[in-house]
Amino acid sequence: MFSTSLALFLYLSLSIALVGTVYKLWRAFRPQHSFPRPLTPSPFTHLGMLWKLSHEVFGFRSLLRADKFLWLSAWLFHVSLLFIFFRHLRYFTYPVWSWVVEIQNLGIWAGWVFWASSLLLLLRRCVLPRVRYVSTPSDYAWLILIIFISSSGLLTRFVYHTDIVQLKVFILSLSQFQPTNFPTDTIIILHIFGAGILLILFPFSKLWHGIGLFFHPTRTQIDKVR
Amino acid sequence: MNFLKLKIPALQTDAMQHSEPYLAKAATQKALGYPEQLVENWQTVAVSKMGELLAQTPHLQAYLDNCVHCSACSDKCHYFLGTGDPKNMPVARQDLFRQVYRRYFTFAGKYFPRLVGAKDFDEKVLNDWYRYFHQCSQCRRCAVFCPFGIDTADIAMAAREILNSIGKGQRYTQEIIVKVESVGNNLGMSKPALQHILQNLEEDLFENTGCKIRLPLDEYGAEVLFIPPSADFFAEPHVDGFLGYAKVFYQAGLSWTLCSDATEAGNFALFSGSETHLQQIAARIHDAAATLGVKRIVFGECGHAWRVAHNLLPPLLKNLTLNRNYPVPQHICELSYDLLQRGALRIDKAKNAEKRVSFHDSCNIARASQMGNISGGQFKIPRALLTACCEQFHEMPRNTTHESTFCCGGGGGLLTDELMPLRIKGALPRIQAFQAVIATQQVTHLATICAICKTQLSQVFPNYRLERAQIISLHQLIGDALVLK
Ligand code: SF4
Ligand code: SF4
């Protein structure tokens with residue numbers, strides 16, 4: 001019974017995330033009825049723009065110029081998130097891809113870095129007046145949710161171990177639409193639940209910034225009018 | 001010196017709450033097709049106008065949705081650095097808009113307003129809008145440093161257009177738009193007045209140079225249609241730059257003309273956020289070029305004018321038979337640079353020997369346009385011209401020039417007397433950078449290529465123990481160095 005409800009919740013979150021993503025993409029692709037407004041100096045070719053944009057996406061270049069401490073926390077946060085994502089692929093693939101096996105240890109290190117950098121971000125938000133002034137309750141809530149998910153993940157890994165085989169069977173069974181039993185450990189249940197919430201809100205919140213960036217004229221429009 | 005250490009002020013809540021521009025008069029609003037005064041159901045009208053703008057410019061909605069409130073932009077605005085008012089932090093300025101957007105256009109804002117900081121569009125919020133969207137010079141410096149390039153200038157333009165449409169237009173900007181549309185320039189100067197000024201200037205030129213340098217008006221068939229900002233006709237130090245252009249044309253042997261219907265490069269509708277008037281004012285240039293049968297269109301030293309010319313004009317000029325061997329439209333700096341490279345200018349640097357010069361990049365040229373069809377040409381070309389005509393050229397600290405340049409403090413439609421306290425405070429970082437090169441390199445003059453920068457800086461310099469005459473037009477320096485005989 002419980003496993004079925006959890007499965008339903010996960011189906012629901014995934015569907016909402018998908019529908020939301022499609023909706024937001026549709027909205028972003030609407031044509032602009034106004035003059036072009038690249039932020040100059042801007043490349044003249046799309047290839048050049050892609051190159052410049054890749055510095056933003058992979059290196060957070062503008063942020064590096066703006067605020068070194070924030071850059072460090074945010075960059076570590078996002079890179080470790082990427083490795084955590086890769087590590088988690090082992091729960092979704094069968095047989096597990098060999099490179100995913102290779103990076104398991106790295107993924108665990110990333111787990112700690114992620115946890116620490118989220119705390120740094122929260123600390124920064126609470127302490128710096130210029131950040132506190134613009135922070136809404138939801139800004140804090142996001143970080144708390146993320147710290148919660150990351151803590152529960154680390155706890156499952158290091159303290160309250162769960163039956164990983166049973167967990168994986170459950171996850172794989174989701175794709176057959178015949179959910180098996182979910183492990184009964186509270187911490188892993190909370191971990192999964194938190195991740196579901198994150199998924200639901202992803203397209204409708206500031207979490208969208210990673211995709212939204214690709215639709216900002218200041219970062220994507222080339223300078224070719226004249 | 002390479003880096004200017006900027007002091008980040010402590011937050012002083014409401015420090016600039018008193019600062020607001022005069023409201024546009026009823027007749028002005030009416031002439032532009034806006035309500036004459038604050039309409040009764042302004043809230044509804046504003047929200048529906050916001051919806052319209054979100055549909056027209058989807059990137060506006062993206063900017064509103066994608067800010068993560070990281071505050072990396074917060075100390076990048078000269079008005080914040082100068083005033084310490086937290087609402088002058090770019091992100092807080094955006095949030096004035098964002099809180100209303102969220103309340104009326106997002107699920108979370110409709111049902112959980114407190115959670116996401118959404119607010120009803122009430123009178124208090126409206127007053128904040130009017131005040132703080134007129135404490136933004138739309139300079140885009142914050143967008144350079146935002147990890148996502150969120151452009152507060154764009155949001156401020158949208159906000160002002162919404163204010164226009166509920167009857168709360170800004171007097172200075174709106175009156176200028178009326179003048180340029182009815183008379184042809186921002187100052188409302190008629191053709192006879194202009195003829196008189198040009199005649200006097202021609203006499204001055206003859207007296208000073210001994211050459212018959214002409215300032216032609218409405219001459220059919222000239223090669224170049226020249227569009228200066230109208231302040232160039234008489235304001236100081238602008239007018240000396242105007243004479244500089246004339247000397248360049250004279251030495252190059254180029255036939256040129258002004259057009260009495262389009263004696264204005266500026267386009268204040270960019271500031272007021274009105275797409276309709278923006279297009280309408282820009283279209284005058286097309287008509288002027290068609291009427292006078294010119295082959296080239298060249299713009300004078302004006303920052304936002306060049307932004308409009310560069311980004312918006314080319315498609316409007318498509319059907320004209322112009323000489324496409326030159327950029328259409330072309331900037332006067334591009335023209336002079338081209339002549340310089342072809343060896344068509346005879347320059348004697350020694351004539352500027354007593355001047356030690358630095359260069360102020362104007363925001364709209366630095367961050368919203370380009371020159372010479374090379375990326376970053378807007379930085380290289382003016383500097384190449386300056387080093388060609390001055391022996392002593394020294395850069396201000398790098399974090400205050402090029403794409404990181406600080407606004408003069410008077411751009412974006414804020415160049416009006418009632419905003420003087422704001423303008424003085426907003427000029428602070430630019431002036432600190434200038435003072436830094438004065439201290440280290442004994443610089444005497446700050447050259448620039450924007451009419452607004454020239455007016456603003458010459459007016460605020462005395463407040464910082466600098467002299468008005470220390471601000472100088474780039475083309476004055478060129479003109480002074482030319483060997484005309
Ligand atoms: S555009 Fe310029 S004036 Fe406006 S908020 Fe950004 S930095 Fe400040
Ligand atoms: S830097 Fe960009 S994302 Fe960060 S607060 Fe400013 S506008 Fe928002």
In terms of the charge dipole of the protein assembly as shown, which places +1 on Lys and Arg and -1 on Asp and Glu at the beta carbon, the residue among A:44, B:64, A:180 farthest towards the positive end is A:180
Ordered by packing density, taken as the mean number of other Cβ atoms within 10 Å over each peptide's residues, highest first, how do A:133-144, B:143-154 rank?
B:143-154, A:133-144
About its Cα centre, region B:1-147 carries a charge dipole, from +1 on Lys and Arg Cβ atoms and -1 on Asp and Glu Cβ atoms, whose size in debye to the nearest 20 is 400
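For region B:26-169, what does the relative contact order come out to in percent, with C-alpha contacts under 8 Å and a separation of six or more?
32
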Rounded D (µm²/s) - chain A, Kirkwood Rh over Cα pairs, Stokes-Einstein at 10 °C, 1.306 mPa s
79
Other chains near B:29-40: what is the mean number of their Cβ atoms within 10 Å of each residue's Cβ?
0
Can you tell me, using C-alpha contacts under 8 Å and at least 6 residues apart, the relative contact order of region A:47-156 as a whole percent?
23
In this structure, the FRET efficiency calculated for residue A:160 and residue B:56 from their beta-carbon separation, with R0 = 56 Å, to the nearest 0.05, is 0.55
Taking the alpha-carbon distance from residue B:119 and a cut-off under 18 Å, which aspartates and glutamates remain once sequence neighbours fewer than 8 residues away in the same chain are dropped?
A:139, B:65, B:95, B:128
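Would you compute, from DSSP H runs of 4+ residues alone, the mean residue ellipticity of chain A at 222 nm, taking -39500 (n - 2.57) per run and dividing by the full residue count, rounded to the nearest 500?
So the helix-based figure for chain A works out to -22000 deg cm²/dmol.
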How big is D for the protein assembly as shown, in µm² s⁻¹ as a whole number, if Stokes-Einstein is applied with the Kirkwood radius of its Cα pairs at 25 °C and 0.890 mPa s?
89
Need one value for A:39-49: mean number of C-beta atoms belonging to other chains within 10 Å of its residues' C-beta atoms.
5
Dividing the surface of the Cα convex hull of region B:26-169 by four yields a projected area in nm² of 8.6
Taking the beta-carbon count within 10 Å as an exposure proxy, list B:162, A:197 from fewest neighbours to most.
A:197, B:162
Kindly identify region B:319-441 as rounded, prolate or oblate by the Cα gyration tensor criterion: order the square roots of the eigenvalues as a ≥ b ≥ c, call it rounded if a/c is under 1.5, otherwise compare a/b with b/c, prolate if a/b is larger, else oblate.
oblate
Measuring from label point to label point, each 7 Å out along Cα→Cβ, what is the residue A:144 to residue B:127 span in nm?
3.3
Let's test the formula: R0 of 45 Å, r as the Cβ-Cβ distance of residue B:211 and residue B:25. What FRET efficiency results, to the nearest 0.05?
0.45
Would you kindly derive the ³J(HN,Hα) couplings of region B:46-54 from the backbone phi angles with the Karplus curve 6.51 cos²θ - 1.76 cosθ + 1.60 (θ = phi - 60°), listing them in order in whole Hz, with x for Gly and Pro?
5, 5, 6, 5, 4, x, 4, 5, 5
By a straight-distance test (C-alpha under 15 Å), which aspartates and glutamates pair with residue B:485 as possible cross-link partners, with residues fewer than eight away in the same chain excluded?
B:207, B:348
What residues have an amide H closer than 5 Å to that of residue B:330, excluding those fewer than 5 places away on the same chain, when H is modeled at 1.01 Å from N in the peptide plane?
B:297, B:298, B:299
Residues B:196, B:394, B:304, sorted so that the one with the fewest Cβ neighbours within 10 Å comes first
B:196, B:394, B:304
Which of A:191, B:18, B:78, A:88 comes first, and how do the rest follow, when ranked by fewest Cβ neighbours within 10 Å?
B:18, A:88, A:191, B:78
7 Å from Cα along Cα→Cβ at both residue B:326 and residue B:111: what's the point-to-point distance in nm?
6.2
Projecting each Cα onto the charge dipole of region B:26-169 (Lys/Arg +1, Asp/Glu -1 at the beta carbon, about the Cα centre), which of B:147, B:33, B:111 comes out farthest on the positive side?
B:147
Kindly provide the Kirkwood hydrodynamic radius of chain B in Å, to one decimal, from all pairs of distinct alpha carbon atoms.
23.0
Quick check for me: using +1 on Lys/Arg Cβ and -1 on Asp/Glu Cβ, what's the dipole size of the protein assembly as shown about its Cα centre, in debye to the nearest 20?
1460
Before anything else, pin down the relative contact order of chain B: Cα pairs under 8 Å, at least 6 apart, normalised by residue count, whole percent.
18
Helix B:451-460 axis, angle to chain B major axis (alpha carbon atoms, nearest 10°):
80
Peptide B:111-124 - average C-beta neighbours from other chains (10 Å radius):
2
In this structure, the FRET efficiency calculated for residue B:7 and residue A:75 from their beta-carbon separation, with R0 = 22 Å, to the nearest 0.05, is 0.25
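Quick note: the coordinates plus some simple rules give every number you see, no bench work behind them. The model shown is predicted, which means the values in this text are computed figures rather than measured ones. FYI the Cβ positions are ideal-geometry reconstructions off the backbone, even for glycines, and counts take in every protein chain you see.
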